[in-house]
Amino acid sequence: MRLSRYFLPVLKETPAEAQIASHRLMLRAGMIKQASAGIYSWLPLGYKVLKNIERIVHEEQQAAGHIPLLMPTLQPADLWRESGRYDAYGPEMLRIRDRHERDMLFGPTNEEMITDIFRSHVTSYRDLPMTLYHIQWKFRDEVRPRFGVMRGREFYMKDGYNFDVDREAALHAYNRHMVSYLRTYERMGIQAIPMRADSGPIGGEDTHEFLLLAETGESEVFYDTAITDLKLGARPIDYDSVADCQAIVDEWTAPYARTDETHDESLFDAVPEERRRVSRGIEVGQIFYFGTKYSEAMGATITNSEGQVVPVHMGSHGIGVSRLVGAIIEANHDDKGIIWPEGVAPFHCGIVNLRQGDGDCDAICARIEAELMTAGLDPLYDDRDERAGAKFATMDLIGLPWRITVGPRGLKNGVVELTSRRTGESEELPVEAAVDRLVQIYSS
Ligand code: ATP
Ligand code: MG
């Protein structure tokens with residue numbers, strides 16, 4: 001992409017309404033525009049990041065054997081009357097009446113609708129286990145939408161629902177979700193720590209929230225630093241293996257890690273003092289086993305292997321796809337701007353032409369751009385007739401992980417400069433070597 005033809009409405013001024021870094025930077029980098037409180041348009045740069053995050057979520061869910069589908073945003077109130085949640089949900093639910101006076105709502109979540117789909121088509125344990133998920137816009141009329149996309153009213157969420165024959169099978173689905181979420185966040189270049197959460201009125205212990213550590217997080221968190229050393233890395237995972245998934249879950253739930261809602265002083269005190277941390281975190285996901293709550297209320301039954309008709313066991317599992325865009329920035333920025341992890345960056349690298357209009361510089365920039373694209377990479381070439389300082393400031397603000405700088409002085413010696421946004425370190429390399437290096441970075 002050539003910057004001269006792109007739509008990147010960066011702001012020079014720091015917007016006064018933004019209280020935290022990610023919100024400020026998303027506005028300044030031209031990623032979003034507020035349409036009304038808690039509702040945003042995703043401008044081209046923001047949209048690319050949102051889609052990158054969505055793609056990783058899809059890939060990791062499907063690797064775990066979960067099946068994508070798509071349910072509508074608008075739902076009939078009658079389904080929610082069956083579960084009893086139409087009245088219970090309260091003012092966060094946006095209620096709408098259509099021209100035929102039918103009560104509708106903009107879905108805040110989809111337990112009822114997925115249970116309805118399931119009960120219409122599945123009747124036997126032979127079709128299980130099954131996990132269906134979608135990535136769809138949600139609406140919750142939050143009292144205090146704030147921090148940009150982090151607490152929106154309209155937001156993009158992956159929500160998945162497992163259907164299993166009994167509690168034991170459903171707990172394997174729960175573990176599968178925990179493992180796939182850990183992998184998902186790792187691929188995005190962040191660490192989100194599973195913390196035992198409060199299951200509320202449903203009871204039981206089977207819910208974890210995933211928290212990204214950040215000073216601006218809304219939750220207070222207490223943890224043993226041992227958990228921050230854990231990494232899945234390239235470890236192969238057999239999602240069908242109960243033992244494999246359980247082993248990973250055991251490893252990740254052994255160190256103490258809880259939010260203020262479930263915090264237990266005496267357990268925390270048992271952690272060696274030098275490993276105890278009290279900090280803040282952003283909730284970027286949650287997994288939940290809730291048994292037969294919806295299947296009993298809505299008559300979603302199956303015949304088990306003994307021929308008995310029983311309510312199906314379920315859980316629901318969410319990832320805040322749009323919140324992650326802000327959360328990743330909270331954990332990855334400096335005073336110049338965003339520092340995208342490679343897995344989610346809107347472009348793989350920037351190309352800065354220090355002397356636009358100079359025949360050699362223009363030709364080399366065009367060549368680098370073409371070669372990177374041929375190799376399957378997506379560069380952003382700043383071909384505007386601007387001062388070098390302004391070009392660097394834009395690149396630093398939008399946070400592309402790598403920058404290739406092309407200037408007449410370097411070209412005289414046959415080199416260009418490759419700079420890491422994260423470390424600020426630069427290296428002079430011949431054109432081919434710079435291109436090769438980038439291709440290598442993104443193929444590993
Ligand atoms: P919160 O406690 O932050 O209000 P929640 O526990 O009500 O969130 P869930 O129902 O668990 O949310 O939804 C799954 C995920 O969707 C959350 O972990 C979060 O990442 C994301 N999410 C929830 N509410 C919002 C919102 N208002 N704006 C953006 N993302 C959200
Ligand atoms: Mg939650």
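Odds and ends about this structure:
- Residue in the range 266-278 that is within 16 Å of ligand 1 (Cβ to nearest atom), of a type in the set (Val, Ile, Thr) and farther than 23 Å from residue 32 by Cα present: no
- Any hit, the range 376-385, residues being small (Gly, Ala, Ser) and either in contact with an Asp or Glu (Cβ under 9 Å, 6 or more places away or on another chain) or open to solvent by less than 40 Å² (accessible area, probe 1.4 Å) (or both): no
- In the condition set (1) open to solvent by less than 60 Å² (accessible area, probe 1.4 Å); (2) modelled with pLDDT of 95 or more; (3) over 26 Å from residue 61 (Cβ atoms); (4) within 16 Å of ligand 1 (Cβ to nearest atom), residue 262 is compliant with all but (2).
- Hey, residue 330 closer than 30 Å to residue 12 by Cβ and not polar (S, T, N, Q) or not: yes
- For the residues 364, 338, the requirement of being aliphatic (A, V, I, L, M), away from ligand 1 (no atom under 16 Å from the Cβ) and more than 27 Å from residue 409 (Cβ to Cβ) singles out 338.
- Within the range 100-131, tally of residues that are within 16 Å of ligand 2 (Cβ to nearest atom) and either in contact (Cβ under 8 Å) with a residue 40 or more places away in the chain or at positive phi (or both): 3
- Within the range 26-40, the set of residues being small (Gly, Ala, Ser), assigned to a strand (DSSP E or B) and in contact with a strand residue (DSSP E or B) (Cβ under 9 Å, 6 or more places away or on another chain) comprises 35 only.
- Subset tally (residues that are in a loop (DSSP other than H, G, I, E, B) and closer than 16 Å to residue 5 by Cα) for the range 370-417: 5
- Looking only at residues in the range 58-73 that are surrounded by fewer than 22 Cβ atoms within 10 Å (Cβ to Cβ) and either in contact with a Pro (Cβ under 9 Å, 6 or more places away or on another chain) or hydroxyl-bearing (Ser, Thr, Tyr) (or both), the one that is nearest to residue 173 (Cα to Cα) is 65.
- Highlighted here are the strands (runs of 3 or more DSSP E) found entirely within the range 263-330 that include at least 3 residues which are away from ligand 2 (no atom under 16 Å from the Cβ) and within 25 Å of the chain's Cα centre (by Cα): 276-291.
- Unmet requirement for residue 200, which otherwise passes all of (1) of a type outside the set (Lys, Arg); (2) at pLDDT 95 or above; (3) out of contact with any helix residue (DSSP H, G or I) (no Cβ under 8 Å at 6 or more places or on another chain): (2)
- Of all residues assigned to the range 174-185, none qualifies as being within 16 Å of ligand 2 (Cβ to nearest atom), modelled with pLDDT under 95 and crowded, with 19+ Cβ neighbours inside 10 Å.
- Set side by side, the residues 81, 2, 28, 55 differ, and just one is among the charged types (D, E, K, R), at pLDDT 95 or above and surrounded by 17 or more Cβ atoms within 10 Å (Cβ to Cβ), which is 28.
- Looking only at the range 318-335, and only at residues there that are over 18 Å from residue 182 (Cβ atoms) and more than 7 Å from ligand 1 (Cβ to nearest atom), the one that is surrounded by the fewest Cβ atoms within 10 Å (Cβ to Cβ): 335
The values are calculated or read from the model by the stated rules, or taken from the named source; none is laboratory data. All values reported here derive from a predicted model rather than from experimental measurement. Glycine gets a Cβ as well: all are built from the backbone with ideal geometry, and neighbour counts include every protein chain shown. With ligands, DNA and RNA removed, areas are computed over all heavy atoms of the protein, side chains included. Shrake-Rupley method; radii C 1.70, N 1.55, O 1.52, S 1.80 Å.
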